[in-house]
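A.B. asks: Submitted below is the structure of interest, expressed as structure tokens.
The values are calculated or read from the model by the stated rules, or taken from the named source; none is laboratory data. In this text, all values refer to a predicted model and were calculated from it rather than measured experimentally. Please note: Cβ atoms are built from the backbone with ideal geometry, for glycine as well, and neighbour counts cover all protein chains shown.
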Amino acid sequence: MLDKNYYPMYLYQKDFLENAKDKGAKPFVLVLERAEGEYERYDTYLYAEGHEQENLRYAKKLVKTMIWAYGGYKFHLYGGEGVVAGLREAYSSNGERAFDYNFMQNVYLRPMEFVCVSENELPLSTCKAEPSSAKAGGYRIGFDAGGSDRKVTACIDGKVVYEKETIWFPKLNSDPNYHLEGIIDSIDNALKALGGRVDALGVSTAGIVVDNEVRVSSLFRKVSQKEQNEFVRPIYKNLAKRYNCPVKVANDGDVAALAGAFTEGGEILGIAMGTSLAAGYVDSEMRIRGCLNELAFVPVDANENSAIDEWSGDAGVGVMYHSQDAVIKLAPEAGIELDEALSPAEKLKVVQALANDGDSRATELYERMGDYFGYTLLWFACLYNIKKAIFLGRVASGRGGEILLSRARSIISQEGSSLEIVLPDEMSRRLGQSFTAASL
């Protein structure tokens with residue numbers, strides 16, 4: 001079996017809780033504050049006595065999971081007195097998880113905190129997001145800010161009256177005016193098609209969105225930090241004043257999940273395996289909750305000697321198991337030699353071609369990828385209320401994707417879960433990001 005020391009987080013947590021309960025467990029509740037008046041809660045257990053290192057290891061993985069799944073800056077902990085000092089040390093500017101700490105500080109503009117509270121002092125899980133509908137009424141504009149093109153759609157009572165796609169190069173431009181002028185050009189053209197009236201404007205964008213602000217995004221990678229703070233963060237908020245209408249901004253992963261939810265219903269997680277791992281979530285009330293959903297950095301393998309992500313410097317995180325990097329990682333162990341001169345995307349194509357030809361090495365590789373996916377979805381189901389997961393991305397294509405999907409479904413069934421994995425249907429693909437954004 002490839003990657004024989006793989007220890008899924010789902011099974012790690014299951015084993016930890018069973019052992020803790022056998023030896024006397026105590027409740028451990030983590031509530032993460034992620035926006036003004038918005039909280040996400042996770043209930044679990046720790047060993048009641050002793051086992052300090054096991055408790056801290058488990059708590060550190062939960063903290064990392066929550067900050068990248070939900071986003072946030074302040075943990076309210078009940079039953080965590082024995083681990084809080086270790087968490088504060090690890091998640092600090094010079095600690096073991098300095099990358100996570102510093103990244104979140106840049107996103108939320110404040111340092112991460114850990115406070116112990118009584119059970120009565122725990123904040124309630126709350127979300128201020130409004131539901132979305134594919135039949136949203138009125139004169140609406142949807143804008144999709146992609147890395148290679150920008151798209152805009154104008155709708156009247158859910159019917160498309162105008163669409164346009166324009167090539168642009170946001171990742172190569174350091175002047176934020178380039179981005180602003182492109183955005184305004186697209187929206188102004190859509191506004192003309194609506195006869196000068198717009199009731200609401202929705203935006204789908206790559207990057208991390210908090211309070212309708214783009215806090216981190218590859219689209220503005222060439223823009224200086226100073227100009228990002230001054231011009232980029234409020235770039236979409238300022239549209240509300242310019243066009244005198246409400247503006248809602250969402251991460252493109254969430255918008256993709258919303259497109260699927262319009263046909264599959266809520267409580268759905270969108271997973272795209274490509275260059276990295278992208279995700280989005282829509283709850284039972286058809287709301288995009290504003291969670292971070294940066295699942296590329298969530299721990300999925302509890303094996304401490306697992307593959308390390310070069311950006312975050314951490315082992316066992318999602319990007320190394322659910323992207324083209326995972327295929328490339330497993331290839332040598334499967335006996336597949338890849339030319340180092342090839343790009344990652346080209347290496348993926350080599351393995352995909354072998355899978356399409358029925359090569360047993362590629363089959364074994366994609367079966368292991370299916371193990372990864374099945375167990376990771378079960379782990380994600382511990383974090384999100386999900387009934388379905390949409391499987392997207394270039395890794396999902398071809399015979400390899402079919403093998404992966406079949407194996408993942410088998411894993412989920414073996415664990416007694418009713419979670420479904422679905423592929424995007426024709427309507428979801430046809431809707432597009434800009435059309436879906438118009439319904440935000």
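So that you can scan it fast, the table gives a plain yes or no per residue for (1) touching a residue at least 24 places away in the same chain (Cβ under 8 Å); (2) over 26 Å from the mean Cα position of the chain (by Cα); (3) not in a loop (DSSP other than H, G, I, E, B):
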{"position": "SER174", "(1), (2), (3)": "yes, yes, no"}
{"position": "ILE183", "(1), (2), (3)": "yes, no, yes"}
{"position": "ALA190", "(1), (2), (3)": "yes, yes, yes"}
{"position": "ARG215", "(1), (2), (3)": "yes, no, yes"}
{"position": "ASN229", "(1), (2), (3)": "no, no, yes"}
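A.B. asks: With (1) farther than 16 Å from PHE103 by Cα; (2) hydrophobic (A, V, I, L, M, F, W, C); (3) in contact (Cβ under 8 Å) with a residue 24 or more places away in the chain as the list, and ALA85 as the residue in question, which single condition is left unmet?
C.D. replies: Tallying (1) farther than 16 Å from PHE103 by Cα; (2) hydrophobic (A, V, I, L, M, F, W, C); (3) in contact (Cβ under 8 Å) with a residue 24 or more places away in the chain, ALA85 fails exactly one: (3).
A.B. asks: Sort out which residues of the stretch 388-400 are under 25 Å from GLY266 (Cβ atoms) and in a helix (DSSP H, G or I), and write them in order of number.
C.D. replies: Residue satisfying the conditions is ALA396 alone.
A.B. asks: Here's another thing I want to ask about it. Would it be correct to say that VAL203 is under 12 Å from the mean Cα position of the chain (by Cα) and not charged (D, E, K, R)?
C.D. replies: Spelling it out, it is not the case that VAL203 is under 12 Å from the mean Cα position of the chain (by Cα) and not charged (D, E, K, R).
A.B. asks: Sticking with this structure for a sec: Could you list, in sequence order, all residues of the stretch 217-227 that are under 28 Å from LEU191 (Cβ atoms) and either in contact with a Phe, Trp or Tyr (Cβ under 7 Å, 6 or more places away or on another chain) or not in a helix (DSSP H, G or I) (or both)?
C.D. replies: Hits for the stretch 217-227 are SER217, VAL223.
A.B. asks: Given the residues GLY24, GLY50, GLY37, GLY80, which is the only one that is within 30 Å of ASN212 (Cβ to Cβ) and modelled with pLDDT under 95?
C.D. replies: Criteria check complete, one pass: GLY37.
A.B. asks: Working only within the stretch 231-249, note down all residues that are among the charged types (D, E, K, R), in a helix (DSSP H, G or I) and touching a strand residue (DSSP E or B) at 6+ places or on another chain (Cβ under 7 Å).
C.D. replies: Result: LYS237, single match.
A.B. asks: Would you confirm whether any residue within the stretch 78-90 is small (Gly, Ala, Ser) and surrounded by fewer than 19 Cβ atoms within 10 Å (Cβ to Cβ)?
C.D. replies: yes
A.B. asks: Another question about this same structure. Restricting attention to the stretch 308-328, report how many residues are surrounded by 23 or more Cβ atoms within 10 Å (Cβ to Cβ) and either at pLDDT below 90 or assigned to a loop (DSSP other than H, G, I, E, B) (or both).
C.D. replies: Total meeting the criteria: 4.
A.B. asks: Between LEU109, LEU124, which is out of contact with any Asp or Glu (no Cβ under 8 Å at 6 or more places or on another chain), on the phi > 0 side of the Ramachandran plot, modelled with pLDDT under 95 and of a type in the set (A, V, I, L, M)?
C.D. replies: Only one candidate passes the filter, namely LEU109.
A.B. asks: State the number of residues belonging to the stretch 273-307 that are surrounded by fewer than 24 Cβ atoms within 10 Å (Cβ to Cβ), farther than 25 Å from ARG97 by Cβ and not basic (Lys, Arg).
C.D. replies: Summing the residues that are surrounded by fewer than 24 Cβ atoms within 10 Å (Cβ to Cβ), farther than 25 Å from ARG97 by Cβ and not basic (Lys, Arg) in the stretch 273-307 gives 5.
A.B. asks: Follow-up. Against the definition (closer than 19 Å to GLU119 by Cβ and either surrounded by 16 or more Cβ atoms within 10 Å (Cβ to Cβ) or not assigned by TED's automatic domain parsing to the domain that holds GLU415 (or both)), how does ALA20 come out, yes or no?
C.D. replies: Considered against the rule, which asks whether it is closer than 19 Å to GLU119 by Cβ and either surrounded by 16 or more Cβ atoms within 10 Å (Cβ to Cβ) or not assigned by TED's automatic domain parsing to the domain that holds GLU415 (or both), ALA20 comes out as yes.
A.B. asks: Then there is this: Go through (1) surrounded by 18 or more Cβ atoms within 10 Å (Cβ to Cβ); (2) among the hydroxyl-bearing types (Ser, Thr, Tyr); (3) without any contact (Cβ under 8 Å) to a residue 60 or more places away in the chain and name the single condition TYR108 misses.
C.D. replies: (3)
A.B. asks: Quick check on PHE231: is it aromatic (Phe, Trp, Tyr) and crowded, with 21+ Cβ neighbours inside 10 Å?
C.D. replies: No.
A.B. asks: If you take just the helices (runs of 4 or more DSSP H) that sit entirely in the stretch 1-115, which of them hold at least 1 residues that are of a type in the set (Gly, Ala, Ser) and touching a strand residue (DSSP E or B) at 6+ places or on another chain (Cβ under 8 Å)?
C.D. replies: Those helices (runs of 4 or more DSSP H) span 9-22, 52-69.
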